[in-house]
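The values are calculated or read from the model by the stated rules, or taken from the named source; none is laboratory data. Fair warning: this is a prediction, and the values are worked out from it, not measured in the lab. Positions of Cβ are backbone-derived with ideal geometry, glycine not excepted, and every protein chain shown enters the neighbour counts. Keep in mind that these areas ignore ligands, DNA and RNA; they rest on the heavy atoms of the full protein, side chains included. Shrake-Rupley method; radii C 1.70, N 1.55, O 1.52, S 1.80 Å.
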Amino acid sequence: MDKNGVIIQLEKVCFAYHGGNNVIDELDLTFHQGDRLGIIAPNGSGKTTLFHIIMGLLKPCSGKIEIFGRPVQKEKDFHSVRRRIGLLFQDADDQLFSPTVLEDVAFGPLNIGKSKEEAISISRRILDFLGLSGFEDRVTFKLSGGEKRFVSLAAVLAMEPAVLLLDEPTAGLDGHTKAKLIEVLTGLDLPYIVISHEYDFITAVTGQIYTIENGKIFLDEELHVHQHEHVHRMGKQPHKHI
Ligand SMILES: Nc1ncnc2c1ncn2[C@@H]1O[C@H](COP(=O)(O)OP(=O)(O)OP(=O)(O)O)[C@@H](O)[C@H]1O
Ligand SMILES: [Mg+2]
């Protein structure tokens, strides 16, 4: 982090896929220690692209990126970025590739040099924290969509990151599981950026909501959070809306 507590700084960053139009266009972003920032923007506006640029998975055609106070440009500059920033991929199948849940969660810690015992112990602790104890030997590709999302989050947290980038973490989650995720995220002592299409979720877990338009990110002052009256079946059963 630099002396002003800035952890991610993008200046006039541009990115285009295969010589197409700029998906990200002279984008400026300053993300500080302690920030919890939400992004709500239309499909195809460049949200996932932005996360992949921050992780060094996509290389901008111009602009400047500084992470933890250091300029990052070349592939090797991003090695420590990937060690300290945990990205929850939009698609859990991009995150999980091992035969079992425990192997998937332990993969990261092993990869950064933890012993097998340490990696297993961290993984069990995180799985337990996320309410997934008992899932250790489950076959990853046979998990439900919601289970995969939580196991992906476990894999990210097992790396003990300093920052989280969460790409649509509630996609496919039921109300109960979403409530659990809100509890987990708000209880973490970590700064994060969350992409979501769900206003209620994003207002529950973040302090500022940004949007992306024409390749640029800005604070969305047009967003006014409000509640709706609603009617639905089984309304007499105890339930939560999130
Ligand atoms: N590998 C690729 N090759 C070419 N174009 C791509 C590629 N990936 C994304 N795009 C295009 O770049 C634009 C931004 O995509 P991106 O995935 O960043 O959007 P998004 O805001 O995350 O959308 P969503 O809400 O649907 O996840 C879209 O127009 C998309 O079609
Ligand atoms: Mg996306």
Consider region 215-237. How many of its residues are modelled with pLDDT of 90 or more and in a loop (DSSP other than H, G, I, E, B)? 1
On the basis of being at pLDDT below 65, closer than 26 Å to P161 by Cβ and open to solvent by less than 80 Å² (accessible area, probe 1.4 Å), does I242 make the cut? yes
Looking only at residues in region 38-50 that are touching a helix residue (DSSP H, G or I) at 6+ places or on another chain (Cβ under 7 Å) and open to solvent by less than 10 Å² (accessible area, probe 1.4 Å), which one is farthest from L185 (Cα to Cα)? A41
Filtering region 90-117 down to residues that are open to solvent by 50 Å² or more (accessible area, probe 1.4 Å) and in a loop (DSSP other than H, G, I, E, B), which residue is farthest from P161 (Cα to Cα)? P99
Looking at (1) at pLDDT below 95; (2) within 19 Å of the chain's Cα centre (by Cα); (3) open to solvent by less than 80 Å² (accessible area, probe 1.4 Å); (4) of a type outside the set (A, V, I, L, M, F, W, C), which is the only condition Y199 fails? (3)
State the number of residues belonging to region 160-190 that are touching a residue at least 40 places away in the same chain (Cβ under 8 Å), surrounded by fewer than 21 Cβ atoms within 10 Å (Cβ to Cβ) and in contact with a Gly (Cβ under 6 Å, 6 or more places away or on another chain). 1
Name, by its number, the condition in (1) within 16 Å of ligand 2 (Cβ to nearest atom); (2) among the basic types (K, R); (3) farther than 23 Å from N214 by Cα that does not hold for K47. (3)
Candidate set: region 66-77, residues that are crowded, with 17+ Cβ neighbours inside 10 Å and either within 16 Å of ligand 2 (Cβ to nearest atom) or part of a loop (DSSP other than H, G, I, E, B) (or both); chosen: the one farthest from the chain's Cα centre (by Cα): V72
Quick one: count up the residues across region 10-28 that are away from ligand 2 (no atom under 16 Å from the Cβ) and buried (at least 20 other Cβ atoms within 10 Å of the Cβ). 2
D91 fails exactly one of (1) more than 11 Å from ligand 1 (Cβ to nearest atom); (2) under 15 Å from A155 (Cα atoms), namely (1)
Exactly one condition in (1) under 29 Å from A171 (Cβ atoms); (2) touching a strand residue (DSSP E or B) at 6+ places or on another chain (Cβ under 7 Å); (3) buried (at least 17 other Cβ atoms within 10 Å of the Cβ); (4) not polar (S, T, N, Q) is false for D35; which is it? (2)
Of the residues that make up region 144-152, is at least one without any contact (Cβ under 8 Å) to a residue 60 or more places away in the chain, among the β-branched types (V, I, T), in contact with a helix residue (DSSP H, G or I) (Cβ under 7 Å, 6 or more places away or on another chain) and open to solvent by less than 10 Å² (accessible area, probe 1.4 Å)? yes
Quick count over region 51-65, residues being surrounded by fewer than 17 Cβ atoms within 10 Å (Cβ to Cβ) and assigned to a strand (DSSP E or B), is 2
